[in-house]
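First comes the structure, then the notes that go with it.
The values are calculated or read from the model by the stated rules, or taken from the named source; none is laboratory data. Remember, predicted model here, so these are calculated numbers, not experimental data. A quick note on method: Cβ atoms are made from the backbone with ideal geometry, for glycine too, and the neighbour counts reach across all protein chains shown.
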Amino acid sequence: MSFQSQLCRVRGLGSAKNGTHHWWMQRVTAVALIPLCLWFAIAMIKMTGASHGDAVAWVQAPFNAIMLLLLIGATFYHMQLGLQVVIEDYVQSEGAKVVLLMAQKLASFALAVAAGFAVLKIAFGG
Amino acid sequence: MSTNERPLSPHLQIYRWQWTMAGSILHRATGVGLAVGTLLLVGWLLAMAEGPDRYAAYQGFIDHWFGRLLLFGWTWALFYHLCNGIRHLIWDTGSGLGLNVAAASGYAAAAASIILSVIAWVAAYSTMGAI
């Protein structure tokens, strides 16, 4: 028999309080990154050796700016989820683990904001 | 009995090294490598936003052999993580988990990552007119 309350079973959440959310979001961002990465790789090949003016014009095209923002969002979300698991698996000391988990979360978010801001600044007229 | 004296289950070094193990740890290693590699992407976008001078400085870094090495490593890591990630997504559906299939798809992912990297760099150099 289960010692969980009915409400607890319905919610499907364990002691971590978020159920399969981490696992699921890693898959959602992974699926998003398949077309985004292929688009980005092809775009970068075409942009090889591009001048500053050419690169700015490319980012300013609405489709490219939107795709870049989506790529940035999915990349840093996925990266944050992945690094979290690596730290949880390998860092034994509880103190170092908390510090590293917080640092990687803050760094991932800061990098995403920096990249997103750069895209918007260029797209809205540098 | 203190925690440290408890018997441990057999760990990595006890097992014969297999391709699927190598592929698994490579997925993690390339993931961490790509996380560091995002600095190249952020640097590129910020340099572009700063203006032509910073952009030229950034291109100077990428044109240097060390920058090229980083970029080449990043290209392969991206394609490996992408191909092996698709393998993981297929496993999530419950298929492709048999020993032979898993080994074969592991080889396929590694081969595809190398082929895609070579294609990408040949295409990039020909864009520059270097080939």
Practice task
Would you point out which residue out of B:LEU116, B:LEU99 is free of Cβ contacts under 8 Å to residues at least 24 places away in the same chain and hydrophobic (A, V, I, L, M, F, W, C)?
Solution key: B:LEU99
Handout entry: Number of the condition not met by A:VAL98 [criteria: (1) within 11 Å of chain B (Cβ to nearest Cβ); (2) over 18 Å from B:VAL42 (Cβ atoms)]
Key = (1)
Exercise for the section: Check off (1) within 26 Å of A:LYS46 (Cβ to Cβ); (2) buried (at least 16 other Cβ atoms within 10 Å of the Cβ) for B:ALA110 and give me the number that stays unchecked. Expected result: (1)
Exercise for the section: Kindly establish whether B:ALA108 is farther than 22 Å from B:GLN59 by Cα, without any contact (Cβ under 8 Å) to a residue 40 or more places away in the chain, small (Gly, Ala, Ser) and in contact with a Lys or Arg (Cβ under 9 Å, 6 or more places away or on another chain). Expected result: yes
Handout entry: Selection status of B:LEU99, of a type in the set (A, V, I, L, M, F, W, C) and within 12 Å of chain A (Cβ to nearest Cβ)
Key = no
Practice task
Within the range A:44-87, track down each residue that is in contact (Cβ under 8 Å) with a residue 40 or more places away in the chain, closer than 23 Å to B:ALA120 by Cα and crowded, with 18+ Cβ neighbours inside 10 Å.
Solution key: A:VAL56, A:VAL59, A:LEU68, A:ILE72, A:ALA74, A:THR75
Handout entry: Scan of the range A:1-54 for residues that are more than 22 Å from B:GLY85 (Cα to Cα), outside any helix (DSSP H, G or I) and among the polar types (S, T, N, Q), ordered by number
Key = A:SER2, A:GLN4, A:SER5, A:SER15, A:ASN18, A:THR48, A:SER51
Practice task
Give the residue that is farthest from A:ILE72 (Cα to Cα), with candidates limited to residues of the range B:13-28 that are in contact with a Phe, Trp or Tyr (Cβ under 9 Å, 6 or more places away or on another chain) and surrounded by 15 or more Cβ atoms within 10 Å (Cβ to Cβ).
Solution key: B:GLY23
Completion exercise
The condition from (1) closer than 26 Å to B:ALA57 by Cα; (2) within 11 Å of chain B (Cβ to nearest Cβ) that A:TRP24 misses is numbered (1)
Handout entry: Tally, over the range B:34-48, of residues that are more than 8 Å from every other protein chain (Cβ to nearest Cβ) and over 15 Å from the mean Cα position of the chain (by Cα)
Key = 3
Problem - Any hit, the range A:101-114, residues being part of a helix (DSSP H, G or I), of a type in the set (S, T, N, Q), in contact (Cβ under 8 Å) with a residue 60 or more places away in the chain and closer than 21 Å to A:THR29 by Cα - result: no
Problem - Qualifying position, being facing chain B (nearest Cβ under 9 Å), part of a helix (DSSP H, G or I) and modelled with pLDDT of 95 or more, among A:ILE122, A:ILE87 - result: A:ILE122
Practice task
Would you point out which residue out of B:TRP44, B:TRP121, B:TRP76 is of a type in the set (Phe, Trp, Tyr) and within 25 Å of A:ALA103 (Cα to Cα)?
Solution key: B:TRP44
